[in-house]
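The values are calculated or read from the model by the stated rules, or taken from the named source; none is laboratory data. These numbers were taken from a predicted model, which means no experiment stands behind them. Because the Cβ atoms are built from the backbone with ideal geometry, glycine has one as well, and the counts that use them run over all protein chains shown.
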Amino acid sequence: MLWNQLNQTVELGWDFYVPVIMFVGLIALAVPVWAAIGAAAITMLVMSGDLPLSLVGESLFTGIDAFALTAVPLFILTGDVLVRTGLSRKFLDVAEALTCFAKGGFGSATVLVCGMFAAISGSDAAGAAAVGRMTIDRLVESGYPRPYACALVAAGACTGILIPPSIAYIIIGLVLGISASTLFLAALIPGLAILFAILITN
């Protein structure tokens, strides 16, 4: 029924079918999704002839022509600097001092340093990589099973997408036209609540 409505609304020709077949074929050949979508879109533009091909370059430029996006590489750079200079280990020392009374021991310190790293790097993946490199072996030495240690780091690092500043919220705010600071305030309490929940259940 939906297909019939689509046919009645738009006259579908080869300029529709060829890009769709090309996209499916490229995906089947394990071509990266971005490349498959790009090739299909350019093919549709060329075959339809309704839009100039220069629109592709203009769209690519306008998509990244935003001052807010400069924060993304700077967050990544900050996380890399923390790891390479050894400052991330200082964060771990601070987290251990703050959680020395906790029943979870070094596991609680690991979760807390995940939250600290999230508040600086703005990325959950970067937090998991940096904190996991420092803590997983020590967690295993402390008596934690390795699968549990990996899961603990992953769970703590997931707060990186919620605790401000977050790269994801900068991009979402840019796309939807919402103030990034508003999104940060909206995500702060849930992010801290999740971090605290992981701390007390560890």
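So here's what we get for this one:
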item	result
Selection status of Leu74, part of a helix (DSSP H, G or I), at pLDDT below 80 and surrounded by 15 or more Cβ atoms within 10 Å (Cβ to Cβ)	no
From Ile178, Ile198, residue being surrounded by fewer than 20 Cβ atoms within 10 Å (Cβ to Cβ), over 19 Å from Leu74 (Cα atoms) and not acidic (Asp, Glu)	Ile178
Residue selected from region 103-151 under the condition modelled with pLDDT of 85 or more and among the basic types (Lys, Arg), by the criterion nearest to Asp93 (Cα to Cα)	Arg138
Count of region 119-128 residues which are surrounded by fewer than 23 Cβ atoms within 10 Å (Cβ to Cβ) and under 19 Å from Glu96 (Cα atoms)	3
Number of the condition not met by Ile170 [criteria: (1) over 19 Å from the mean Cα position of the chain (by Cα); (2) at pLDDT below 85]	(1)
Residue within region 149-164 that is surrounded by fewer than 20 Cβ atoms within 10 Å (Cβ to Cβ), in contact with a Leu (Cβ under 7 Å, 6 or more places away or on another chain) and at negative phi present	yes
In region 22-39, the residues that are of a type in the set (A, V, I, L, M, F, W, C) and outside any helix (DSSP H, G or I)	Leu29, Ala30, Val31
